[in-house]
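Written out below as structure tokens is the structure these notes cover.
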Amino acid sequence: MKLLEGKTAVVTGAARGIGKSIALKLAGEGADVAFTDLVYNEHMQNLEKELTAFGVKAKGYASDASKLLDTMTVVDQIVKDFGRIDFLVNNAGITKDTLLMRMSEDQWDAVINVNLKSVFNFTKAVQKTMLNQRSGSIINMSSVVGVSGNAGQSNYSASKAGIIGFTKSVAKEMGSRNIRCNAVAPGFILTEMTDTLPEEVKAGWIEKIPLKRGGTTEDVANVVLFLASDLSSYVSGQVINVCGAMNT
Ligand code: NAD
């Protein structure tokens, strides 16, 4: 018996990177997977094929997670298509790094809207379904820089710290309905997002990590699987760092 059979997961921003690994990990444990990203393209089509190869139902949806109306519409469609939502993984995120002195209002707003407002949007949109089911697990993708801060990332750090406050509040608000809410705080994970960093910056990060390597997307997906499954049935309102001991 797989860990998530008969359950449905929604994963945002899953066309690539950490989100894609999470979708594959959950499907590998038997969950049906609805996933979103900004545009429906060949990456999403390919992921649908990879997911259905596990023998589960899977569908990709184009949706801008930073827009509430878009989110409400796509969640309605997912409920029609899948019938239930057991897990929500709020993974969609962007960076627009620069020193505060140079940061424009647009760079601030974009990062807060995509990273933080999206978590409000999707959590609000799935809430009714989870309340009716009297169960659910919500997993929000924060970051170690949301815990510790980082020069040149004030917008990103603020969005990821905001996610932590939101996570703890939702855990307290919805716990009596058997809905759990946790955050995952990855450290330096090797994805397309971090690929854009100069080699010397990447080497500098890795040097500071006690485990002496960047994390893999699967390192993060494994923790998400734990938080989705009943293995974590008494874990809620927590932030789990996945960072090779960089942040302790
Ligand atoms: P990524 O850039 O590879 O993937 C992010 C995905 O989100 C992309 O497919 C992108 O199209 C999608 N997306 C962006 N804006 C969206 C929107 N408005 N609506 C829907 N989808 C949208 O990034 P990643 O490295 O896989 O990161 C995934 C999550 O993990 C992000 O929230 C990121 O902040 C967080 N994170 C990453 C790292 C890391 O080292 N890579 C570390 C800590 C936290």
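Summary of computed values
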| read-out | value |
| --- | --- |
| Long-range neighbours under 8 Å by Cβ, at least six apart or interchain, first residue in contact (Cβ under 8 Å) with a residue 40 or more places away in the chain and open to solvent by 20 Å² or more (accessible area, probe 1.4 Å) within the stretch 182-195, second near the ligand (Cβ under 6 Å from one of its atoms) and among the basic types (Lys, Arg) | 191/16; 192/16 |
| In the stretch 90-115, the residues that are among the aliphatic types (A, V, I, L, M), near the ligand (Cβ under 8 Å from one of its atoms) and open to solvent by 30 Å² or more (accessible area, probe 1.4 Å) | 94, 114 |
| Residue tally, condition more than 15 Å from the ligand (Cβ to nearest atom) and surrounded by 24 or more Cβ atoms within 10 Å (Cβ to Cβ), over the stretch 150-166 | 0 |
| Residue check, residue 220 within 20 Å of residue 93 (Cβ to Cβ) and out of contact with any Asp or Glu (no Cβ under 8 Å at 6 or more places or on another chain) | yes |
| Residue match in the stretch 175-188 (condition: of a type in the set (A, V, I, L, M) and more than 18 Å from residue 122 (Cα to Cα)) | yes |
| Counted residues, the stretch 212-239 - those being closer than 13 Å to residue 29 by Cβ and crowded, with 21+ Cβ neighbours inside 10 Å | 5 |
| Selection status of residue 63, within 13 Å of the ligand (Cβ to nearest atom), of a type in the set (Gly, Ala, Ser), within 22 Å of residue 215 (Cβ to Cβ) and crowded, with 21+ Cβ neighbours inside 10 Å | no |
| Wholly within the stretch 49-158, strands (runs of 3 or more DSSP E) carrying at least 2 residues that are out of contact with any Asp or Glu (no Cβ under 9 Å at 6 or more places or on another chain) and within 18 Å of residue 33 (Cβ to Cβ) | 87-90, 136-141 |
| Which numbered condition residue 147 fails, given (1) more than 9 Å from the ligand (Cβ to nearest atom); (2) farther than 23 Å from residue 100 by Cα; (3) touching a residue at least 60 places away in the same chain (Cβ under 8 Å) | (2) |
| Among residues of the stretch 31-43, those that are in contact with a Ser or Thr (Cβ under 9 Å, 6 or more places away or on another chain), of a type outside the set (Phe, Trp, Tyr) and within 10 Å of the ligand (Cβ to nearest atom), counted | 3 |
| Residue match in the stretch 213-227 (condition: more than 16 Å from the ligand (Cβ to nearest atom), basic (Lys, Arg), modelled with pLDDT of 95 or more and over 14 Å from the mean Cα position of the chain (by Cα)) | no |
| Residue ID - most open to solvent (accessible area, probe 1.4 Å), chosen from residues in the stretch 1-58 that are of a type in the set (Lys, Arg) and either touching a Phe, Trp or Tyr at 6+ places or on another chain (Cβ under 8 Å) or in contact (Cβ under 8 Å) with a residue 60 or more places away in the chain (or both) | 16 |
| Residue in the stretch 2-14 that is closer than 19 Å to residue 122 by Cβ, part of a helix (DSSP H, G or I) and modelled with pLDDT of 95 or more present | no |
| Scan of the stretch 203-221 for residues that are on the phi < 0 side of the Ramachandran plot and in contact with a helix residue (DSSP H, G or I) (Cβ under 7 Å, 6 or more places away or on another chain), ordered by number | 213, 214, 217, 218, 220, 221 |
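The values are calculated or read from the model by the stated rules, or taken from the named source; none is laboratory data. Note that the coordinates shown come from a computational prediction; the quantities given were computed from them, not determined experimentally. Heads up, the Cβs are rebuilt from the backbone with ideal geometry, glycines too, and the neighbour counts pull from every protein chain shown. When the accessible area is computed, the model is the full protein with side chains, heavy atoms only, and any ligands, DNA or RNA have been set aside. Shrake-Rupley method; radii C 1.70, N 1.55, O 1.52, S 1.80 Å.
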